[in-house]
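Structure first, then comments.
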Amino acid sequence: MLVSATEMLNKAVAGKYAVGQFNINNLEWTKAILATAEECKSPVILGVSEGAGKYMTGFKTVAAMVKAMIEEMNITVPVALHLDHGTYEGCYKCIEAGFSSVMFDGSHFPIEENVEKTKELVKVCHEKGISIEAEVGSIGGEEDGVIGAGEIADPNECKKIADLGVDFLAAGIGNIHGKYPANWKGLDFDALAKTKELIGDLPLVLHGGTGIPADMIKKAISLGVAKINVNTECQLYFQEATRKYIEAGKDLEGKGFDPRKLLKPGTDAIMVIVKEKMELFGSVGKA
């Protein structure tokens, strides 16, 4: 059974740990993440970008697949299915499809329009028991066609969005999607602390969790970050493990590749990184 992310993140704020959001792109990735969450007894958020949803033939397919896998795999930990960086239209599609959580990314709109659209979606989501994440200050880099310049969010604008009743808030603090460049200046903890002071106990979200040093992750959690997104690292681990398997030629035998064997090294690698992140975030045993 899917749950909204509200309760798990409120517990994370109170317990000074963070819940990992790991993006899914197919059945194998989903299976690996769910199995690891169950092993670690950790709550987990499955993130789905609009591009990934399209690749998997649509949000209804994704929701049906995840719900069935939770049942067939006997998953007992809390699982939220979350739209990542959703458009206004995408949010409505996921609400209809049966997602338990959505993110409306209105960070590229003027603040007045971000407020207007977020306010409407908060009402719709809460009527259906769905959690909603909003964003202020775009996240740097590019992920699945979503490009951000890496802005530092205005704490006062964060409060405007927080006051609308969102369940958790992504505030840009210098974090970026993808690999971090060598000249990256690090997270702006002053901006994070100012935002936290204004919004109180509302859970904060750190996008671009790949490549952020562990000490920065832990400091961000101490300042109210309760959800950390990881995508690029899973992609890199999957790619490298699969490449090594293919180059080793272990599955040729004149029969071609068995997709189950071909994908196993990559999904095993994802399980390793997901477990490492859950341990770093402090969510192990918190289900």
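Of everything in the range 194-234, what is touching a Pro at 6+ places or on another chain (Cβ under 9 Å) and part of a helix (DSSP H, G or I)? Give them in sequence order. K194, T195, K196, E197, L198, I199 - these are the residues of the range 194-234 that are touching a Pro at 6+ places or on another chain (Cβ under 9 Å) and part of a helix (DSSP H, G or I).
Where residues in the range 98-122 are closer than 18 Å to A5 by Cα and free of Cβ contacts under 8 Å to residues at least 40 places away in the same chain, which of them is surrounded by the fewest Cβ atoms within 10 Å (Cβ to Cβ)? The selected residue is L121. When the range 107-137 is limited to residues that are closer than 24 Å to V44 by Cα and at pLDDT below 95, the one that is farthest from the chain's Cα centre (by Cα) turns out to be V136. Of the helices (runs of 4 or more DSSP H) lying entirely inside the range 1-97, those containing at least 2 residues that are at pLDDT 95 or above, in contact with a helix residue (DSSP H, G or I) (Cβ under 8 Å, 6 or more places away or on another chain) and surrounded by 15 or more Cβ atoms within 10 Å (Cβ to Cβ) span 27-40, 50-55, 59-72, 88-97.
Taken over the range 175-193, the criterion of being outside any loop (DSSP other than H, G, I, E, B), over 22 Å from N23 (Cβ atoms) and not acidic (D, E) is satisfied by F189, A191, L192, A193.
The set of residues from the range 160-174 being part of a strand (DSSP E or B) and touching a His at 6+ places or on another chain (Cβ under 8 Å) comprises just one member, A170.
If you filter the range 263-277 down to residues that are closer than 16 Å to N26 by Cα and not aliphatic (A, V, I, L, M), you find that the one that is nearest to the chain's Cα centre (by Cα) is T267. Only residues that are more than 16 Å from the chain's Cα centre (by Cα), small (G, A, S) and modelled with pLDDT of 90 or more were counted in the range 158-203, giving 5.
Listed by first and then second residue, the pairs with beta-carbon distance under 6 Å, at least 6 apart or on different chains, first residue in the range 195-223 and touching a residue at least 60 places away in the same chain (Cβ under 8 Å) and at negative phi, second surrounded by 20 or more Cβ atoms within 10 Å (Cβ to Cβ) and of a type in the set (K, R), are V205/K227. Considering the range 143-157, the residues that are acidic (D, E) and farther than 16 Å from G47 by Cβ include one that is modelled with the highest pLDDT, namely E157. Checking I273 against (1) in contact with a Cys (Cβ under 8 Å, 6 or more places away or on another chain); (2) on the phi > 0 side of the Ramachandran plot, which test does it fail? Going through the list (1) in contact with a Cys (Cβ under 8 Å, 6 or more places away or on another chain); (2) on the phi > 0 side of the Ramachandran plot, I273 breaks only (2).
Screening V272 on (1) buried (at least 18 other Cβ atoms within 10 Å of the Cβ); (2) modelled with pLDDT of 95 or more shows it passes everything except condition (1).
The values are calculated or read from the model by the stated rules, or taken from the named source; none is laboratory data. Just so you know, these numbers come straight off a predicted model, no measurement behind them. Methodologically, a virtual Cβ is constructed for each residue, glycine included, from the backbone with ideal geometry; neighbour enumeration extends over all protein chains shown.
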